[in-house]
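For reference, the structure discussed in these notes is given below.
All of the numbers you see were taken from the coordinates with simple rules; none came from a lab. Since we're looking at a predicted model, the values are computed, not measured. For neighbour counting, all protein chains shown are included, and Cβ atoms are generated from backbone atoms with ideal geometry for every residue, glycine included.
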Amino acid sequence: MLLFLTLLSAGLVAIVPQSQAIVIYTGWERHALIGSDVRLSCSFFSWRWTSEDVTFSWSYRPDGTRDSISIFHYTGGLPYVDNKGPFRDRLEFVGNPQRRDGSILLKNLDFNDNGTFTCDAKNPPDIVGRASSVRLLVFEKLPVQAGVITGAIIGAVLGLLVLIVVIYYLMRFLVARRVFSLSVSKHGKKGKGKEGSQQRQGPTLYAALDQSKLKASASEKKKQESRKDKK
């Protein structure tokens, strides 16, 4: 039993690494206007707590070249901007290392700034990871992105569907209202017809009653006269 536990402990130690992989995130592509500022974000995921020895480093590869140059480092709790690179006077660290944020801000952009920016991060003992890159494109006027066009089309289609539904229910309401009005009008005409027939039957009924009264009175007079003649 003791031998089994010893072998199991040795196996667990061999399986569980002392350092785990770190995953670094940046944007895929950033667009910016000439003369403006742009923020390049960099963050990471690690199973460890954020270390006091966390580090960030940024490098830059201009379009049309193969070589990258270092432009920024964060280590020992302090940011360091390369004093010879193209961004020595235009780069500012705006991240928060304790929140695993190593973002930088590039100021007063120029067409020559087009290129690929790569961020690398370490969170000891998690130091194994793949750096992440973002491409910067500087324009005189920002182009309309495909996502904006797609969003506009989807919005227009949804708006048209809503309009169709509103028109459908409005038509149903108007038709129901028309049917109700016709029904009320029809019942009203029937009521007026009954009242008219009653009014027309009224004088006839009264005339018949008068004639019956006259006949009864004449009959009564004849009976009285016949009685007098008998006497």
Tell me which residues come under 5 Å, amide H to amide H, from Phe72 once H is placed; ignore anything under 5 positions away on its chain. Trp58, Asp82
Using the Karplus curve 6.51 cos²θ - 1.76 cosθ + 1.60 with θ = phi - 60°, work out ³J(HN,Hα) for each residue of the range 107-113 in order, rounded to whole Hz, and write x for Gly and Pro. 10, 6, 5, 9, 4, 5, 7
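Given 0.36 nm per residue, what is the gain on full extension from Ile34 to Ala21 after removing their alpha carbon distance, in nm?
Numbers: separation 13, 0.36 × 13 = 4.68 nm, distance 3.77 nm.
Length gained, Ile34 through Ala21: 0.9 nm.
Assuming 0.36 nm per residue, please report the length gained on full extension of the stretch Phe139 to Lys223 beyond their Cα-Cα distance.
Working: separation 84, 0.36 × 84 = 30.24 nm, distance 12.80 nm.
Taking Phe139 through Lys223 to full extension adds about 17.4 nm, to one decimal.
Once the Cβ-Cβ distance between Asp110 and Ala131 is put in as r, and R0 is 35 Å, what FRET efficiency do you end up with, to the nearest 0.05?
Details: r = 25 Å, r/R0 = 0.71.
According to the calculation, E is roughly 0.90.
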For Val134, what is the net charge nearby, where nearby means another residue's Cβ is under 10 Å from its Cβ and Lys, Arg count +1, Asp, Glu -1? +1
Neighbour net charge for Gly77 - beta-carbon separation under 15 angstrom, K R +1, D E -1: 0
Can you give me the distance in nm between label points at Val175 and Leu78, each placed 7 Å from the Cα along the Cα-to-Cβ direction? 8.1 nm
Tally Lys/Arg at +1 and Asp/Glu at -1 over every other residue whose Cβ is under 11 Å from the Cβ of Pro86; what's the total? -1
I need the Debye-formula profile for the range 8-140: one equal scatterer per C-alpha, no solvent, reported as log10 I(q)/I(0) at q = 0.09, 0.17, 0.20 1/Å, two decimals. -0.30, -0.86, -1.12
In nm, to one decimal, how far is the modelled label at Val184 from the one at Ser51, with both set 7 Å along Cα→Cβ? 8.3 nm
